[in-house]
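Engineer: The structure is given below, and queries will be raised subsequently.
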Amino acid sequence: MLKLGVNIDHVATLREARYRGLAKGEPDPIGAAILCEAAGCHGITAHLREDRRHMQDRDITKLREVVKTRLNLEMANSTEIVAFALKLKPDIVCIVPERRQEVTTEGGLDAAGNRAALTETTKKMKDAGIEVSLFIAPDSAQVEASAQIGAQFIELHTGSFAEHFDDSAARKHELDRLIAASNQAHRLGLKVNAGHGLNYKNTETLFAVPHLVELNIGHSIISRSVYVGLDRAVREMLGIMERSDYRDLFHGANF
Ligand code: PXP
C-alpha cells in the first residue's frame with residue numbers, strides 16, 4: 001500500500017498562535033504524532049524552519065524520542081539546520097527551499113542550480129545513516145539533478161496539481177507532468193514520494209502516477225481533525241489510500 005506520512009507542522013502553528021515564546025502550550029505536536037501513529041500512519045513529518053514559525057527545536061528532539069514509525073525532517077539546506085539534523089538523526093530528511101515570506105513551502109527545490117551544495121549535504125546525511133529526499137517540481141532537469149546529487153528519494157511537488165484540480169484540462173496536464181517525472185525518476189533508480197496540497201478530494205486521482213512510495217499530507221488532515229478528531233481524520237485518509245492497491249487500474253486511464 002501507498003504509505004502515509006502525516007505532516008504535523010500545523011499542530012504547532014496553532015499552538016504558536018497563542019503560546020509563542022513560551023516553553024509549552026496546546027495543542028502539543030508530540031501528542032498529535034502519537035495519535036497519528038496509533039491511527040495507522042506510516043511516518044511523521046515535521047519541518048524545522050529557520051524562522052521557527054511553528055515547530056521548535058524541543059519539539060523535534062522529542063519527536064525523535066517518541067516516533068516509532070519513521071521521522072521525516074523537512075529542512076532547508078542551511079548550515080545551522082544541517083548540523084541540527086546530523087545530531088538528531090531522523091530516519092530521512094527532505095530538503096526543501098525556504099523563503100521567509102511564504103505561507104508554506106511554495107516552490108520546488110532548484111536541485112539543478114545547487115548541485116554542489118546539495119551533493120555535499122547529501123553525502124553528510126548518507127554518511128550519518130540518514131536517507132535523503134529532495135522536494136522538487138515534476139521537471140526533467142530537476143529529476144536528473146536529484147539522481148546525480150545522490151539522493152535516494154525525490155518528493156514530487158503536487159502543489160500545482162492540487163491548485164488546478166478543478167480544471168480538467170489543467171489537471172490532466174499536471175498529472176502528465178507528475179507521471180513523466182515519476183517514470184524518469186524510477187528509471188534513474190530514485191524512489192518517489194509526493195506531497196503538498198493533497199486532500200480528501202484530490203488524493204485518489206494521484207494514484208494515476210506510477211511508482212509512488214509515500215504521500216506527505218499535512219494541512220488537510222490537521223484541518224479535518226478540527227471537526228472529527230485526529231484519529232478519524234488519519235483513518236479516513238488511510239481509507240482513501242488503501243484504494244491505491246488497485247492503482248494499476250488507473251494507469252493509462254484518461255483523467
Ligand atoms: N511535503 C513538503 C515537502 C512540504 O513542504 C509540505 C508542506 O509543509 C507538505 C508535503 C505538506 O503539504 P500540505 O500541508 O499542503 O499537505
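The values are calculated or read from the model by the stated rules, or taken from the named source; none is laboratory data. This is a predicted model, so every value here is computed, not measured. When we count neighbours, we look across all protein chains shown, and the Cβ atoms used for this are built from the backbone with ideal geometry, even at glycine. Ligands, DNA and RNA are excluded from the accessible area calculation, which covers all protein heavy atoms including side chains. Shrake-Rupley method; radii C 1.70, N 1.55, O 1.52, S 1.80 Å.
Engineer: Among (1) within 15 Å of the chain's Cα centre (by Cα); (2) surrounded by 19 or more Cβ atoms within 10 Å (Cβ to Cβ), there is one condition K3 misses while meeting the rest; what is its number?
Structural biologist: So K3 meets the others, but not (2).
Engineer: Hey, another quick one. Considering only segment 3-27, how many residues are within 11 Å of the ligand (Cβ to nearest atom) and hydroxyl-bearing (S, T, Y)?
Structural biologist: Within segment 3-27, residues that are within 11 Å of the ligand (Cβ to nearest atom) and hydroxyl-bearing (S, T, Y) number 1.
Engineer: Just to be sure, is G239 open to solvent by 10 Å² or more (accessible area, probe 1.4 Å), more than 13 Å from the ligand (Cβ to nearest atom) and without any contact (Cβ under 8 Å) to a residue 60 or more places away in the chain? Spell out how you get there, then give the answer.
Structural biologist: Working: open to solvent by 10 Å² or more (accessible area, probe 1.4 Å): yes; more than 13 Å from the ligand (Cβ to nearest atom): yes; without any contact (Cβ under 8 Å) to a residue 60 or more places away in the chain: yes.
Spelling it out, G239 is indeed open to solvent by 10 Å² or more (accessible area, probe 1.4 Å), more than 13 Å from the ligand (Cβ to nearest atom) and without any contact (Cβ under 8 Å) to a residue 60 or more places away in the chain.
Engineer: Please enumerate the residues belonging to segment 191-200 that are of a type outside the set (S, T, N, Q) and either farther than 20 Å from N72 by Cβ or open to solvent by 10 Å² or more (accessible area, probe 1.4 Å) (or both).
Structural biologist: K191, H196, G197, Y200
Engineer: Okay, moving on. Could you tell me which residue of segment 213-223 is surrounded by the most Cβ atoms within 10 Å (Cβ to Cβ), considering only residues that are out of contact with any Phe, Trp or Tyr (no Cβ under 7 Å at 6 or more places or on another chain) and part of a helix (DSSP H, G or I)?
Structural biologist: Looking only at segment 213-223, we keep the residues that are out of contact with any Phe, Trp or Tyr (no Cβ under 7 Å at 6 or more places or on another chain), and these are 213-219, 221-223.
Those still in the list that are part of a helix (DSSP H, G or I) too: 219, 221-223.
Details: H219: 16, I221: 25, I222: 23, S223: 13.
Here the answer is I221.
Engineer: Hey, another quick one. Considering only segment 23-42, how many residues are modelled with pLDDT of 95 or more and either loosely packed, with under 13 Cβ neighbours inside 10 Å or assigned to a helix (DSSP H, G or I) (or both)?
Structural biologist: The first filter runs over segment 23-42 and keeps only residues modelled with pLDDT of 95 or more, leaving 25-42.
Filter again for either loosely packed, with under 13 Cβ neighbours inside 10 Å or assigned to a helix (DSSP H, G or I) (or both), leaving 26, 29-38.
Result for segment 23-42: 11.
Engineer: Out of the residues in segment 200-255 that are within 21 Å of the chain's Cα centre (by Cα) and of a type in the set (G, A, S), which is modelled with the lowest pLDDT?
Structural biologist: Filtering first and then ranking leaves S244.
Engineer: From the list A147, A208, A180, exactly one residue is surrounded by fewer than 24 Cβ atoms within 10 Å (Cβ to Cβ), among the aliphatic types (A, V, I, L, M) and more than 23 Å from D110 (Cβ to Cβ). Which is it?
Structural biologist: Only one candidate passes the filter, namely A208.
Engineer: A further question on this structure: For segment 28-43, give me each residue that is closer than 13 Å to M55 by Cα and either more than 16 Å from the ligand (Cβ to nearest atom) or without any contact (Cβ under 8 Å) to a residue 12 or more places away in the chain (or both). Walk me through it before giving the result.
Structural biologist: Here is the first cut: in segment 28-43, the ones closer than 13 Å to M55 by Cα are 28-30, 32-33.
Of everything in segment 28-43, those that are closer than 13 Å to M55 by Cα and either more than 16 Å from the ligand (Cβ to nearest atom) or without any contact (Cβ under 8 Å) to a residue 12 or more places away in the chain (or both) turn out to be D28, I30.
Engineer: Determine which member of the set S220, S244, S182 is out of contact with any Asp or Glu (no Cβ under 6 Å at 6 or more places or on another chain), of a type in the set (S, T, N, Q) and within 13 Å of the ligand (Cβ to nearest atom).
Structural biologist: None of the other options fit; the residue is S220.
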